[in-house]
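Nothing in this text is a laboratory measurement; each read-out follows from the coordinates by a stated rule. Note that the structure is predicted; figures quoted are calculated from it, not measured. FYI the Cβ positions are ideal-geometry reconstructions off the backbone, even for glycines, and counts take in every protein chain you see.
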Amino acid sequence: MAGGAQRAALSARPDQLAAAVCAYAGGRAAPTDSGGLDQARQLGLTSRQAANAKTIVDMAAELGLPERAAVIGVATALQESELDESVVGDHGRAFGLMQQHPEYGWGSREQVTDPRYAARAFFSRLAKVEGWAGKPLTVVAQAVQRSAHPDAYAKHEARAGQIVTALTTSTTGPRDDVPKSGDDHADLRNSIEAAAALGMPLEVLVDEVAANLGGSDADRERAKEIVTSVARDLCDELSAADLAGPDLASVSARGLEVVRAALAMRGIPYSWGGGGPNGPSYGIGRGARTKGFDCSGLTEYAWAKAGVRIGTTTYEQWRAGARVPRSQVQPGDLLFYETDSSIPGPDHVGIAIDATRMVHAPFTGSTVRIDTWAGVPSRERQFAGAVRPS
């Protein structure tokens, strides 16, 4: 009981909880991949370009593609956008890292300007090019992009190779066996947050994970890497949701609990029809093979963690509480969007982190993530309102 009270007290102060978790990760300073990013920046990339290059490299690995695919992807992005996802080209018709055209079936503008989505879409088409692995880079890139300058990709091949090498040989990056999603990942994150709130030493967590791995000295070293890697992710998320400030007294503890529950699911895949009060699950239709959340599955899960049932669908959740003026939105409030005018009622929902950011499950091919909800033109046009469940 004393431990529970201590955890509850610290959980009510997200700034202190973030500090406690970040202590397990060695502080907030460096992400796990900083070595590779530093090497990439030494090749003449800005921090933003290096981060986008890493997104491409990581997506290739996530899809099980060889390093050659990552080189082709990075070279293509260097030619198309100089690794800048904000670039708009072809007279306002092409967008993002790969300059993908919504009119040609690549996805919406919002989707193709998301680096992870753009990389996944690129590799999905690359994998369908017959014999791509044995063909010249410029031939493969052109088969995917169908550019007006088909020979331009070749000049970026050497530099792309150096960038990919820098981003895949970093010794400070996360190991392949670090859990990134699913039940094991969520359990470990919850354990880290609970341990930090209770003031438990890092070694206690490491010993527990090491025992599950086998208990040897090598297992203990691997366990320490796993715990600190996941703690870094959690540190970043809690820091992003650091809501301390003059309005903190007016923020409900329930709202903060909802935000923390949703942020703990960052990185879990989007799954159409997936998710509910018990966490991620396999969806239906195009989500049948993916364990994760759709937008309302995530919001239902987060509010269930706070002890409130809000219904399963976006339409049910729209009626689950009181309407809130956007100027009074608080952490945990539900933000609704009308993305398909042919269907009455809002069809997308996210959870407010603060006055400008939300956590949500956007679309197939994406993951649970943080996005800006205020001041983004496309979202402003689609914004239907905010609801505070009761």
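Here are some notes:
- Taken along the Cα-to-beta-carbon direction at a fixed 7 Å, the label points for residue 133 and residue 159 span 2.8 nm.
- With the simple spin-label model, which puts each label point 7 Å out from Cα in the Cβ direction, the residue 217 to residue 103 separation comes to 6.6 nm.
- Inter-probe distance in nm under a simple model that places probes 7 Å from Cα toward Cβ, at residue 84 and residue 204: 5.0 nm
- At an R0 of 25 angstrom, the distance between the Cβ atoms of residue 319 and residue 343 translates into a FRET efficiency of 0.95.
- Total formal charge among the other residues, if their Cβ is under 13 angstrom from that of residue 148, Lys/Arg +1 and Asp/Glu -1: -1
- Under-5 Å amide H pairs with residue 385, H placed in peptide plane, nonlocal only: 336
- Amide H contacts of residue 292 (H built 1.01 Å from N, under 5 Å, at least 5 apart or other chain): 275, 281, 282, 283
- Residues whose amide H comes within less than 5 Å of that of residue 87, counting only those at least five positions distant or on another chain, are 96 (H built at 1.01 Å from N in the peptide plane).
- Evaluated on region 248-389, the Kirkwood hydrodynamic radius is 14.6 Å, with distances taken between all distinct Cα atoms.
- Spatially proximal lysines relative to residue 135 (Cα-Cα < 21 Å; intrachain offsets below 8 disregarded): 155
- Full-stretch length increase - residue 309, residue 125 - with 0.36 nm per residue and alpha-carbon distance subtracted: 62.1 nm
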